Each structure stands twice: as C-alpha cells, then as structure tokens.
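The following block contains the structure, expressed as structure tokens.
Rule-based calculations on the coordinates, nothing more; no lab input. These figures come from a predicted structure and were not determined experimentally. Note that we place each Cβ from the backbone using ideal geometry, even for glycine, and neighbour counts take in every protein chain shown.
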Ligand SMILES: Nc1ncnc2c1ncn2[C@@H]1O[C@H](COP(=O)(O)OP(=O)(O)OP(=O)(O)O)[C@@H](O)[C@H]1O
Ligand SMILES: [Mg+2]
C-alpha cells in the first residue's frame, strides 16, 4: 500500500510536468503545424537560466524562475520572426520545419554547454526534507512542484477554454481560413502561442530540475520522447488531450515500476513503457484519447 | 441603380498566382437587397468572394463598401478586419469549426462584438435556430448537413453583419431543407441584413433575389431582376438547363 501511494504520488508529479511541457508542444503543433523538437532543450535552458540567476547571482528563486520563463518565451518569439515566419511564407512542409526545429534543438544544447559549462547543477532548495503520508515518503520539492504545476494546469485549462485568445487558438488550429474570416487576428494568435508555450516550457524545465535534484544539459532531451508520446496519446494538436496524455503517461510510467508487476519494470525502461502505452492506445483509438472523427455528410 | 450601392465590384480582375480567373467583373449590391450570382462550374463565382478576403489576388479594379462611416476600400483591409466593417462570410466548404462545440462556434463569431453582449446574441441565435440549442455543448462536427449550414449562418450573424456573403448555401442539402434554407435567407434579409450569394441552385435563388448576375468565364454575361432572370427562357436554357 505504501509503495502504491508512493508511486501514485511520483506519477502525479511526473505527469504534471509532462502535461505542462506537452501542452506547449501541442499548442505550437495545433496552430503552426510545427513539430517542435527543440522544446526539450528549451526546457533545459529554463532550468539553467534559473540556476544561474538564483544560485550564481543570488536572485530570489521565484524571481529567477519568472525571468527564465520570460527568457524562453522571448527567444521563442524572436525565432518566430527570424525563422518560422519566413519558412511558412516559403511554404515549407512539416518535415522541413521539423528538421529545422531539430537543428535549433542541437544549437540550444551546445549553447547551454558553452554558456553554463559542463557538469550537473542543483537548485538551492531543500532536497532532503520529506513528509510521511500513509507510509509513503513525500519530498517537499515534489510536493511544491505538484501544487504549483496543478495550479498552472488549472489556470491554463481556463485560459484555453474560456478566454478569447484560447478560443481563437483552438478555432485557428481547427480551421485557419475560417478563423481569419470570423475575425481572428492570425498574427496575434501565433505570437500568443509562442509566448504561452515558451512560458510553459521554461516552467516545466524548472519543475523537472527541482524534482530530479541535479540535472545536466541533456535533461530536456531525455524528456522529449515522453513529452511527444503524451502529445500524441492525448490527440495531437488538442491542448486538453496533451494535459490528459501527460498525466496518463506519468502515472503509467511510475506505476509500471511497482514490484507487484512481476517485480516491476526497471526504471530505466520507463520510456519503453511510455511508448508501449502509446502504441496500445493508438491500436484501439488511432486518433488519440480525445480524438474524434467528424461525421461525414 | 440610383443610390450608391452598399457594396460594389468595379472592373475587378483577380486570380491565383499567375492564373487570372476574373477578367473585369462588375457587381452592385444595394442596401437591403438580396443579390445572387449564378453561372456554370468554374465560372469564378467563389473567386469573387475569395477576392474580398484576399484569398484570390486582386490585380485591378475596385471593391468598396459604403459603411456607416463612409466609403471603405476593401482591398486595403486585412481579412480579419472585414468583420469590423460589417461583412460576414459563410464559405462554400469547411464553414464551421468542427472540433469546437456549437456554442464555441458562436463565441468565435462574436470575437469582434465590441460593446455588445455575447449572451444576448447567443440567445437570439438559439431562438432563431432552435435545433442547435439542445446541442450547444456538442462538437459541431457531429451535426447533420442542414444543422451545420444553420450553425454556419449563425456563426456569421453573431457579429451583426450589415452584408452577408454566402457561397452556395444550399449545396449538399436535401430538397426539403433547401426550401427551408431559402426561407431562412429571406427572413435574415428582412431582419435588415443585405445578402450577396453565389448559388448553383440558380432558379430557386434568383426567385428570392432582388437582382441577379450571370457570370461566365470570369466575366459578367447577363443581369437583371431576380424573378425575371429566373424565368428568362434563353438564360434558363443556356445556364441552368437542369431543373
Ligand atoms: N486556390 C486556387 N488556386 C488555383 N486555382 C483555383 C483556386 N481556386 C479555384 N481555382 C480555379 O479558379 C477557377 C474558378 O473557380 P471558382 O471556385 O471561382 O469557380 P465557381 O464558379 O465557384 O465554381 P463552382 O460552381 O464549382 O463552385 C476554376 O478553374 C478553379 O480551378
Ligand atoms: Mg464555387
């Protein structure tokens, strides 16, 4: 029982981080049809900017996080104007966009090494403090992440569901030409998408860094496959789907290590579990968990 | 026509890339009227509407709207701003947001409803289209063909347009629904909305129209009062032989 509570809690923490990162990727795909393979490395950059500001420069932790999030959002917007806009104008296909994003990802990873140096880093937070809950050990850092990640997800869900910008984004993902006809300002939607996804990516990086304890320049890269699995699992381009997909995969990945299942899957095999789950779901429901097929008339 | 029309095409040339489709089209839409453009497949009817939204590229001519605040040069207005000057458009295909709920389709239609009340307008639309009301939380993609067309109209009406552009509103509808649709268009028109539409179902559309144009090969061929065009044996023979 204690094992189960422990893994459930770990799963929720992992799931909430995956969910936040996956929504960013999903919004960008939905609006821009861009498979943003650079998301993982921007996640890492978010964590490194935060550690640089808070540990090296003694900026208060929360302020450092906010600056890091704004940095990733800012870079995302700059890339929109310098790269993505031009590529879309010249009608670059999904594959070309994907390859360019992969290039961006490699550059960001190298820049992190050049600017912040090799080796692992740590936030200046209490990594050892734990609480006991129904026999499980709940780390304070994990609890903080879970609380703030959940609040972020709630706020994000409301933003996407209710705000004009959220409705505009979903309308644009669904039917870009009709959205424009209906008065949706396409340029504003695209900017909002990069801003929101940049903020989320930076935040997810900080959360992942807090949960891991120490992290290296490959942190986000390692997380990229589960993030994409979450996006596809939930239905690609659907923001709610990405949230759901993130939580489902987080839980499945952690619970798969439970010893009750033939001694449990070794934890290095978690990505394999993620992709097996994805494959199984897609076999049954090819359009993803929240996907649906419009009635043909 | 004596008065300045609400909406006007003057010698418009337009096309896609290097391909010219419209070769000098003239259309006048008086305020309060229903004007219909008919013509064979590929005549350039949809292109006329797409030219307004810069989906087709206008190379020559003038497109203008006499709005409340004077004449507006449509060629200089970004497509998403046309809602603001009072133009609503229901495209020929993919004219709803199928992944969004019915209610959200209406919300998106209201994005520029400056100073007005969204809930009041939605209630009005659900009263006008009672079939949609019980399904407001369903995804629009689950609607039947007739209901979709109603939703497409409702979405466009959400922004209180002065001029409504319709591309083949009756396409794909069962015969019984076609009658219902044209009645609905007359009712929308009576509520004060000027309509410019393109229709395959030429005779039925012209019968409810104040004025009609026959377009062929990207040029004006004939024009006249709707009822007269609909019963002109020569035009009926050439352009819409099929009943
Ligand atoms: N996006 C496009 N790019 C290139 N050519 C196009 C495009 N859209 C339409 N055309 C061409 O322009 C011509 C006129 O098309 P348009 O859709 O205006 O005709 P239409 O009168 O509306 O016909 P229909 O009755 O079939 O709807 C056709 O030859 C069509 O192939
Ligand atoms: Mg057409």
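Tell me what chain B gives for mean residue ellipticity at 222 nm when only DSSP H runs of n ≥ 4 count, each as -39,500 (n - 2.57), the sum divided by the residue total, rounded to 500 deg cm²/dmol.
It comes out at -9000 deg cm²/dmol, rounded to the nearest 500.
Obtain the nm distance between the two label points defined at residue A:98 and residue A:161 by a simple spin-label model: each point lies 7 Å from its Cα along the Cα-to-C-beta direction.
3.3 nm
Taking a ≥ b ≥ c as the square roots of the eigenvalues of the Cα gyration tensor of chain A, is the shape rounded (a/c under 1.5), prolate (a/b larger than b/c) or oblate?
Because a/c hits 1.5 or more and a/b fails to exceed b/c, chain A counts as oblate.
May I ask you to order A:112-120, B:181-189 by the average number of other C-beta atoms within 10 Å around their residues, highest value first?
Top to bottom by mean Cβ count within 10 Å: B:181-189, A:112-120.
What fraction, in whole percent, of alpha-carbon pairs in region B:24-65 exceed 14 Å separation?
Beyond 14 Å sits 53 percent of the P(r) for region B:24-65.
Given a Förster distance of 60 Å, report the FRET efficiency between residue B:203 and residue A:77 from their Cβ-Cβ distance, rounded to the nearest 0.05.
FRET efficiency, residue B:203 to residue A:77: 0.65.
Right, next: Determine, at each q value in 0.10, 0.11 (inverse angstroms), the log₁₀ of I(q)/I(0) that the Debye formula gives when each Cα of region A:139-297 is one equal point scatterer.
-0.45, -0.54
Multiply the residue separation of residue A:56 and residue A:272 by 0.36 nm, subtract the distance between their alpha-carbon atoms, and state the gained length in nm to one decimal.
74.1 nm
While we're on this one: For region B:118-231, what's the relative contact order in percent, using C-alpha pairs closer than 8 Å and at least 6 residues apart?
About 19 percent, as a whole number.
How high is the relative contact order of chain A, in percent, with contacts defined as C-alpha pairs under 8 Å that are six or more residues apart?
Reported as a whole number, the value is 36 percent.
Taking only Cα atoms, what is the 0 to 90° angle, nearest 10, from helix B:118-128's long axis to the longest principal axis of chain B?
Here the helix axis deviates by roughly 70 degrees.
Then there's this: Per residue, how big is the convex hull around the C-alpha atoms of region A:79-231? Give it to me in cubic angstrom, could you?
Measuring per residue, one finds 151 Å³ for the Cα hull of region A:79-231.
Per residue of A:185-191, what is the mean number of Cβ atoms on other protein chains within 10 angstrom of that residue's Cβ?
Per residue, the average neighbour count from other chains is 2.
Over the whole of B:76-84, what's the average partner chain Cβ count within 10 Å per residue? Rounded to a whole number, please.
Per residue, the number of nearby Cβ atoms from other chains is 4 on average.
Highest GNM mean-square fluctuation, chain B, Cα pairs closer than 10 Å: which of B:121, B:135, B:203?
B:135
If you don't mind, another one. Taking the simple approach of a point 7 Å from Cα along Cα-to-Cβ for both residue A:261 and residue A:2, what is their distance in nm?
2.3 nm
Would you look at the GNM of chain B, springs on alpha carbons closer than 10 Å, and say which of B:127, B:168, B:28 moves the most?
B:127
Now, a different point. Quick check on region A:1-74: take the gyration tensor over C-alpha atoms, sort the square-rooted eigenvalues as a ≥ b ≥ c, and tell me if it's rounded (a/c under 1.5), prolate or oblate.
It comes out oblate by the Cα gyration axes.
For the protein assembly as shown, count the residues as N, evaluate 2.2 N^0.38 Å, and divide the Cα radius of gyration by that value, please.
1.16
Here is a follow-up. In percent, what relative contact order does chain B have, based on Cα pairs under 8 Å that are 6 or more apart in sequence?
27 percent
Can I ask one more? Quick one: which of B:70-81, A:16-27 comes out on top by average Cβ neighbours within 10 Å, and what's the full order, highest first?
Per-residue Cβ counts within 10 Å, averaged per peptide and sorted highest first, yield A:16-27, B:70-81.
Average partner chain C-beta neighbours within 10 Å, per residue of B:86-95?
2
For every helix of n ≥ 4 consecutive DSSP H residues, a contribution of -39,500 (n - 2.57) applies; sum these over chain A, divide by its total residues, and give [θ] at 222 nm rounded to the nearest 500 deg cm²/dmol.
-23500 deg cm²/dmol
May I pose another question? In nm, to one decimal, how far is the modelled label at residue B:227 from the one at residue B:180, with both set 7 Å along Cα→Cβ?
Distance between label points: 2.7 nm.
May I ask you to derive the FRET efficiency for residue B:142 and residue A:118 from their Cβ-Cβ distance with R0 = 41 Å, giving the value to the nearest 0.05?
0.15
So if I take the centroid of the Cα atoms in region A:1-55 and the same for region B:117-152, what is the distance between those two points in Å?
About 38 Å separates the Cα centre of region A:1-55 from the one of region B:117-152.
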